[in-house]
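Working notes, beginning with the structure itself.
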Amino acid sequence: MCTTLAVSFLMAAPVEAQQTGNPRDDLKALSDEFDDASTLKQWSRIFETEQSKADQLEQFDIAKTKPGWMVMVPYSSTWYMDYRGVLVYKEIKGDFVVTSNIRVARRGGDGAPRSNFSLAGLMIRTPRDVTPQTWKPGGENYIFLSLGAANRPGSFQFEVKTTVNSRSTLAVTDAGTPAAMIQIARIGNEFILLKKTPEGNWNVHQRYRRTDMPEQLQVGLTVYTDYSTASRLKPPQQNTQVIRNGRPDLVAGFDYVHFQRPALPAALQGKSLSNPKEVSDAHLLQFLGEHANN
């Protein structure tokens, strides 16, 4: 059933952007246009890495549900404080820009998800060397920007979240669209999150300075849904179980993922990119946004 619904909601999706740029960029080879199902094995899964044995995706494929797309349909799961959800990722060392075109819908067809905190987006996370047996609270460190329905089920919203030692700070804003391009850039300890709706221009959504994050990070795609059900369990249980009796309501499609190294202008070298008083949004958009995905 989910496959049919996913095809339906993806039919109206915009044409993917083609990546060009510096052919010597060492990150470009990690990009995926999602037109070849065999590239699925090139993506890591957090439940496998941390040996939870709980695959929280009911459906997960590349170029099968919809040619040229990665599709995810999650069970009830969440990312908040010590709760760990779905992450499909590649490990990136050093500075990077990651961009994706994302489209979301409820499971019943077009329209915003109707379960709270049901979203899909880009996520960066500090790796954890843990198993269910060695896991301890307080170890989650990540940033994400996602699209879906957050605290107003039935409405399209953006959620941005930064989590430091499992202390999560989030902000929700209206989106008004089922589709958006999302981008996260890392330059040193500075993290810039950007978005573009189909009818709008690229804009800087949020900036963070995270001196705690190591050189190598997990960088990829997240989906989560039905916080009301997932949060009934304590984190150690939610993190290691597949919840089959919840009310999940999300179908997520990713048109592509582009990785590349940022080209920081000389005039911005040494400046605090997370400080808008020192570096304006306009300065950031000179090398990010469309200039980092063309």
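The values are calculated or read from the model by the stated rules, or taken from the named source; none is laboratory data. The structure presented is a predicted model; accordingly, all values stated were derived computationally and were not measured. Neighbour counts run over all protein chains shown; Cβ positions are idealised from the backbone, glycine included. Side chains are part of the model used for accessible areas, which takes the heavy atoms of the whole protein and leaves out ligands, DNA and RNA. Shrake-Rupley method; radii C 1.70, N 1.55, O 1.52, S 1.80 Å.
Among the residues of segment 263-294, those that are of a type outside the set (S, T, N, Q), open to solvent by less than 30 Å² (accessible area, probe 1.4 Å) and touching a strand residue (DSSP E or B) at 6+ places or on another chain (Cβ under 7 Å) comprise Leu273, Leu284, Leu288, Gly289, Ala292.
Modelled with pLDDT of 95 or more and under 17 Å from the mean Cα position of the chain (by Cα): does that describe Thr49? In short, no.
Within segment 166-178, residues that are free of Cβ contacts under 8 Å to residues at least 40 places away in the same chain and within 15 Å of Asp110 (Cα to Cα) have Cβ atoms under 8 Å from residues that are of a type in the set (S, T, N, Q) and surrounded by 13 or more Cβ atoms within 10 Å (Cβ to Cβ) in these pairs: Gly176/Thr197; Thr177/Thr197, counting only partners at least 6 apart in sequence or on another chain.
Against the numbered list (1) among the small types (Gly, Ala, Ser); (2) open to solvent by less than 60 Å² (accessible area, probe 1.4 Å); (3) at pLDDT 95 or above; (4) more than 30 Å from Gln133 (Cβ to Cβ), Ala17 comes up short only at (3).
Please work out if Asp95 is touching a residue at least 12 places away in the same chain (Cβ under 8 Å) and exposed (fewer than 14 other Cβ atoms within 10 Å of the Cβ). Criteria not met by Asp95.
Name the single residue that is farthest from Gln133 (Cα to Cα) among those in segment 31-58 being among the small types (Gly, Ala, Ser) and in a loop (DSSP other than H, G, I, E, B). Looking at the filtered set, the residue picked out is Ser31. Can you tell me how many residues within segment 191-233 are among the hydroxyl-bearing types (Ser, Thr, Tyr) and touching a Leu at 6+ places or on another chain (Cβ under 6 Å)? Summing the residues that are among the hydroxyl-bearing types (Ser, Thr, Tyr) and touching a Leu at 6+ places or on another chain (Cβ under 6 Å) in segment 191-233 gives 2. Here Glu199 qualifies as open to solvent by 10 Å² or more (accessible area, probe 1.4 Å), farther than 23 Å from Arg125 by Cβ and among the charged types (D, E, K, R). Within segment 108-161, the set of residues being at pLDDT below 95 and either within 19 Å of the chain's Cα centre (by Cα) or open to solvent by less than 30 Å² (accessible area, probe 1.4 Å) (or both) comprises just one member, Gly109.
Checking each residue in segment 232-250 for being open to solvent by less than 40 Å² (accessible area, probe 1.4 Å) and either out of contact with any Phe, Trp or Tyr (no Cβ under 6 Å at 6 or more places or on another chain) or over 29 Å from Gly109 (Cα atoms) (or both) picks out Pro235, Asn239, Gly246, Asp249, Leu250.
Within segment 206-226, the set of residues being farther than 16 Å from Val73 by Cβ and either in contact with a Gly (Cβ under 6 Å, 6 or more places away or on another chain) or open to solvent by 60 Å² or more (accessible area, probe 1.4 Å) (or both) comprises Gln206, Arg209, Thr211, Asp212, Glu215, Gln216.
Checking Phe144, Phe156 one by one, the residue that is more than 26 Å from Lys234 (Cβ to Cβ), among the aromatic types (Phe, Trp, Tyr) and out of contact with any helix residue (DSSP H, G or I) (no Cβ under 9 Å at 6 or more places or on another chain) is Phe156 and no other. The residues of segment 240-251 that are in contact with a Pro (Cβ under 8 Å, 6 or more places away or on another chain) and either of a type in the set (Phe, Trp, Tyr) or within 15 Å of Ala112 (Cβ to Cβ) (or both), listed by number, are Pro248, Asp249, Leu250.
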